[in-house]
Amino acid sequence: SLDLLQALNTALQEQFDNSIQDFGHKNKGWYISEKEDKFLVRNIDGAVATFSLKEFPGCCGILVSYYSEVEEKYRKLGLGKLLVQVRLSAARHMKYGAMVASIISNNVIEKHLLREAGWLKVGEFRNPKTGNIVETYQVNL
């Protein structure tokens, strides 16, 4: 939605303003756009990261975060951590009470980022369609 996109872009600028890290071009010209159920984090050079957010069906108080990925050349700079905070800040602004996420268990980096931001592992299961072990996380806002 347009309101969520605006909240994400506002949160992105706030996180950049509070960050000592320079992610390129002194963090100018960065923005988030929406395309086919994905949010694309972009800068003057193109796509930087992507993630998806969707309201939980049947409950307007929960936001589901999934498909989060930072482009190879922007990894290990702290951008993933910053974008977790962007999603949390935007969700709070939009008056969600909680966020949930599912992560393939071998995604060690994403699990670390979520735990560091206060998310708690609430369960895990084997996906019968893929065979992957999937962990579910939740954070109250």
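The values are calculated or read from the model by the stated rules, or taken from the named source; none is laboratory data. Keep in mind that this is a model prediction, so the values were computed, not measured. Quick reminder, even Gly has a Cβ in these numbers, built from the backbone with ideal geometry, and neighbours come from all protein chains shown. These accessible areas exclude ligands, DNA and RNA; they are computed on the full protein's heavy atoms, side chains included. Shrake-Rupley method; radii C 1.70, N 1.55, O 1.52, S 1.80 Å.
Could you work out the percent of alpha carbon pairs in segment 1-65 separated by over 18 Å, rounded to a whole number?
41 percent
Using just the Cα positions, wrap segment 80-128 in a convex hull and report its mean projected area in square nanometres, one decimal place.
3.9 nm²
Would you mind pulling out the separation of the Cα centroids of segment 72-86 and segment 89-141, in Å?
Their Cα centres are 16 Å away from one another.
Show V70, V48 ordered by accessible area, largest first, where the area counts protein heavy atoms only and the probe is 1.4 Å.
Order by accessible area, largest first: V70, V48.
Working from Cα positions, state the angle (0 to 90°, nearest 10) between the long axis of helix 2-18 and the longest principal axis of the chain.
Here the helix axis deviates by roughly 60 degrees.
Over every pair of different alpha-carbon atoms in segment 3-107, take the mean of 1/r and invert it; report that Kirkwood radius in Å.
14.1 Å
Excluding residues on the same chain fewer than 8 positions from K38, give the aspartates and glutamates whose Cα lies under 16 Å from its Cα.
Reachable aspartates and glutamates: D3, E55, E69, E71.
Once you have a ≥ b ≥ c as the square roots of the Cα gyration tensor eigenvalues for segment 46-88, tell me rounded if a/c is under 1.5, and otherwise prolate or oblate according to whether a/b is larger than b/c.
Cα axes put segment 46-88 in the prolate bin.
Of all accessible surface on the chain at a 1.4 Å probe, what whole percent is carbon and sulfur?
C and S fraction of accessible area: 52 percent.
Mind listing the phi-derived Karplus ³J(HN,Hα) values for segment 127-138, rounded to whole Hz, using 6.51, -1.76 and 1.60 with θ = phi - 60°, and x for any glycine or proline?
Karplus values, whole Hz, x for Gly and Pro: 6, x, 7, 10, x, 6, 7, 10, 9, 10, 10, 9.
Suppose only helical runs count, i.e. DSSP H with n ≥ 4. What mean residue ellipticity at 222 nm does that imply for the chain under -39500 (n - 2.57) per run, divided by all residues and rounded to the nearest 500 deg cm²/dmol?
Estimated from H runs of four or more residues: -9500 deg cm²/dmol.
About the Cα centre of the chain, what is the dipole size in debye to 20, counting +1 per Lys and Arg Cβ and -1 per Asp and Glu Cβ, all else neutral?
With only Lys, Arg, Asp and Glu charged at Cβ, the dipole is about 220 debye.
Through the Karplus equation 6.51 cos²θ - 1.76 cosθ + 1.60, θ set to phi - 60°, convert the phi angles of segment 36-51 into ³J(HN,Hα) values in whole Hz; use x for Gly and Pro.
Couplings: 6, 6, 10, 9, 10, 8, 10, 9, 4, 8, x, 5, 10, 7, 9, 7 Hz.
Would you mind working out the magnitude of the charge dipole of segment 42-109 relative to its Cα centre, with +1 at each Lys and Arg C-beta and -1 at each Asp and Glu C-beta, to the nearest 20 Debye?
200 debye
Got the relative contact order for the chain handy, in percent, Cα pairs under 8 Å and 6 or more residues apart?
The normalised contact order for the chain reaches 20 percent.
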